[in-house]
Amino acid sequence: MNNIPQVLTIAGSDSGGGAGIQADLKTFQMQRVFGTSVLTAVTAQNTLGVLDIHMIPLKTIRSQLQAVKNDFNIASVKIGMLGTAEIIECVAECLKDRPFGNVVLDPVMFAKGGAPLLQPQAVSALIDHLLPLADVITPNLPETEALTGVVIYDEMSIKKAAKSLQMRGVRNVIIKGGHSLNSQSEQCQDWIFLDDGRDFVLARPRFHTPHTHGTGCTFSACLTAELAKGKTLQSAVEIAKDFITAAISHPLDIGHGHGPTNHWAYHDFVN
């Protein structure tokens, strides 16, 4: 019997290769799981910004999901850029019978340069249809505020926001703190709230570099891979934190803007 963990990413394509489907599949490969994919959008983008977005027709998204479901034993799925309320509802409908194991939701709302990747009217659809299906959600601070309406300014407000997400049906919450103090804090802290009532903080040194394109995608993809291997959430998030820290701290210096992270770094310099 083939015991290679198989995973799925449902996300948009990044023509610049630093985020989205491309970052997910690179991360899956580095973590030695077999990656499959369902494209929700094709973006024309590079390290300088997003030039164009084409949403994939719902029929094609459904067909991709069915094709993966019919032939692969998916242990974990990562959901990234969905873009519209209609796509969110389509994906949620396909996930209702939980055919793909652990559901990791990365609620992608903005590109690194600030371009919107989720229509404003789609936020309520994400809250209503996908939060109840998520085993883990991995929003950054701006995304957390948009999903909960809680203005985050200290640890108490972070706990309030996490509780709000769990009350919406999410089992485990990981709030990423890369935007803390306008991205000028000395450490990057992530706050983790588990469904058994435990919570803890992971902190690593901040590296001041413009090459952070795709950090959220890469982090959540690594988390998805580790969960597919059977790791506990605490162990998986620690590995994902180390993976993305290595990817940021050993930049590739590619592109003229927000360059991609280094998906080789964790294995070349840490593991």
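The values are calculated or read from the model by the stated rules, or taken from the named source; none is laboratory data. Being a predicted model, the structure only gives us computed values, none of them experimental. Ideal geometry is used to build each Cβ from the backbone, glycine not excepted, and the neighbour counts take in all protein chains shown. Each accessible area value is taken on the protein alone, full model and side chains, heavy atoms only, with ligands, DNA and RNA left out. Shrake-Rupley method; radii C 1.70, N 1.55, O 1.52, S 1.80 Å.
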Residue within segment 240-253 that is of a type in the set (Asp, Glu) and without any contact (Cβ under 8 Å) to a residue 24 or more places away in the chain present: no
Considering residues of segment 135-152 that are among the acidic types (Asp, Glu) and part of a helix (DSSP H, G or I) only, the residue surrounded by the most Cβ atoms within 10 Å (Cβ to Cβ): Glu143
Any hit, segment 178-193, residues being open to solvent by 40 Å² or more (accessible area, probe 1.4 Å), touching a residue at least 40 places away in the same chain (Cβ under 8 Å) and not in a strand (DSSP E or B): no
Residue among Thr47, Thr36, Thr60 that is more than 27 Å from Thr261 (Cβ to Cβ) and of a type in the set (Val, Ile, Thr): Thr60
Subset tally (residues that are part of a loop (DSSP other than H, G, I, E, B), surrounded by 18 or more Cβ atoms within 10 Å (Cβ to Cβ) and in contact (Cβ under 8 Å) with a residue 60 or more places away in the chain) for segment 99-134: 7
Output for segment 153-168, where each listed residue is open to solvent by 30 Å² or more (accessible area, probe 1.4 Å) and either assigned to a loop (DSSP other than H, G, I, E, B) or among the hydrophobic types (A, V, I, L, M, F, W, C) (or both): Tyr153, Asp154, Met156, Met167, Arg168
Residue within segment 103-120 that is within 25 Å of Ala44 (Cβ to Cβ) and charged (D, E, K, R) present: yes
Residues within segment 194-246 that are surrounded by fewer than 24 Cβ atoms within 10 Å (Cβ to Cβ), among the polar types (S, T, N, Q) and not in a loop (DSSP other than H, G, I, E, B), tallied: 3
Selection within segment 1-42 - surrounded by 24 or more Cβ atoms within 10 Å (Cβ to Cβ) and either closer than 20 Å to Asp268 by Cβ or of a type in the set (S, T, N, Q) (or both): Thr9, Gly18, Ala23, Asp24, Thr27, Phe28, Gln31, Thr40
Residue check for Thr60: in contact with a strand residue (DSSP E or B) (Cβ under 9 Å, 6 or more places away or on another chain), β-branched (Val, Ile, Thr), more than 24 Å from Val237 (Cα to Cα) and surrounded by fewer than 17 Cβ atoms within 10 Å (Cβ to Cβ): yes
Scan of segment 1-50 for residues that are farther than 17 Å from Ile244 by Cβ, part of a strand (DSSP E or B) and of a type in the set (Ser, Thr, Tyr), ordered by number: Ser13, Thr36, Ser37, Thr40, Thr43
Neighbours by Cβ (under 8 Å, 6+ apart or cross-chain): first from segment 1-28, without any contact (Cβ under 8 Å) to a residue 12 or more places away in the chain; second in a helix (DSSP H, G or I) and open to solvent by 10 Å² or more (accessible area, probe 1.4 Å): none
